[in-house]
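A.B. asks: The structure's right below; bear with me while I get my questions together.
Every read-out reported here was derived from the displayed coordinates using simple, explicitly stated rules and does not represent laboratory data. Every value quoted in this text rests on a predicted model; they were computed, and no experiment measured them. Cβ: placed from backbone, ideal geometry, glycine included. Neighbour counts: every protein chain shown.
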């Protein structure tokens, strides 16, 4: 299987509000794919469509060689998804949240979860309500990674993480990818794409432009951003 993600002519309209328009995207197996663009450009809408959380107007999505609608449950079993906002029950302990995420999948992930918590400095004894924004992000990362999926989909994962934890996060991604996984990383942080991604695309006003190289010039990206802001 050469392409882990294949999106063809995907369109989702929100009426007068901007959605996504005729998005086509391919992500090869073993890639760390940078999904770049300013906030509101359509990245999260594309990802939520891939995850089956949104009903699209037209187009097709295949993930891991399977149809996103007909094979939804099989696909979800092989994806590690981290949304841009982490929502957990405030009264639960971190350890309970991580165990619950594994139980939903019917898997024993304790060994991998322990390794991830150690690498990311996650205090499993605290309750969710006691955590900072960045520490909640780390719990979300553990939940997405502990079952060692074939495909990682991260939506703005590094917000709230200090530079050391950001580096640890990307080191983990690289290790999993080197063992056969694939990663789609949605971000508006240009330096993350330039430093860690192997392929990339830019979302702008709901439309996607594939890049020949993940090394995009600062001025070029700033032009994308400024044009989007002016026309929003």
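A.B. asks: On a full-extension model of 0.36 nm per residue, what is the gain between residue 39 and residue 17, subtracting their alpha-carbon distance, rounded to one decimal in nm?
C.D. replies: 6.5 nm
A.B. asks: Can you sort 191, 44, 60 so the residue with the fewest Cβ neighbours within 10 Å comes first?
C.D. replies: 191, 60, 44
A.B. asks: Expressed as an acute angle from 0 to 90° and rounded to the nearest 10, what is the orientation of the C-alpha long axis of helix 218-231 relative to the principal long axis of the chain?
C.D. replies: 80
A.B. asks: What ranking of 167, 204 emerges when the number of other C-beta atoms within 10 Å of each C-beta is taken as an exposure proxy, fewest first?
C.D. replies: Values: 167 14, 204 18.
Least to most surrounded, the residues fall as 167, 204.
A.B. asks: Still on this structure, I have one more. On full extension of the chain, what length is gained from residue 121 through residue 24, given 0.36 nm per residue of separation minus the C-alpha to C-alpha distance?
C.D. replies: Numbers: separation 97, 0.36 × 97 = 34.92 nm, distance 3.79 nm.
Taking 0.36 nm per residue and subtracting the Cα distance, the gain is 31.1 nm.
A.B. asks: Among [x] 28, 20, 18; [y] 37, 20, 17; [z] 40, 22, 15, which one is semi-axes √(5λ) of the Cα gyration tensor in Å computed from these coordinates?
C.D. replies: The value computed from this structure is option [x].
A.B. asks: What are the radius of gyration and Dmax of the range 45-97, computed over its Cα atoms and given in Å?
C.D. replies: Rg, Dmax (Cα atoms, Å): 14.0, 42.
A.B. asks: Taking Cα centroids, how far is the range 1-80 from the range 87-116 in Å?
C.D. replies: Between the Cα centres of the range 1-80 and the range 87-116 lies a distance of 26 Å.
A.B. asks: When the chain is modelled as a GNM with alpha-carbon springs shorter than 10 Å, which of 78, 125, 135 fluctuates the most?
C.D. replies: Of the options given, 125 has the highest mean-square fluctuation.
A.B. asks: So what does log10 I(q)/I(0) come out to for the range 126-201 at q = 0.11, 0.12, 0.24 Å⁻¹, using the Debye formula with one equal point on every Cα and no solvent?
C.D. replies: Per q value, in the given order, log10 I(q)/I(0) is -0.28, -0.33, -1.26.
A.B. asks: Now for a different question. May I ask you to give the average projected area over all directions of the convex hull of the Cα atoms of the range 33-144, in nm² rounded to one decimal? All intermediate terms of the calculation are to be shown ahead of the outcome.
C.D. replies: Values: hull surface 33.8 nm².
If you wrap the Cα atoms of the range 33-144 in a convex hull and average its projections, you get 8.5 nm².
A.B. asks: In percent, what relative contact order does the chain have, based on Cα pairs under 8 Å that are 6 or more apart in sequence?
C.D. replies: Relative contact order of the chain: 29 percent.
A.B. asks: Could you list 94, 69, 189 so that the one with the fewest beta carbons within 10 Å of its beta carbon is first and the one with the most is last?
C.D. replies: 69, 189, 94
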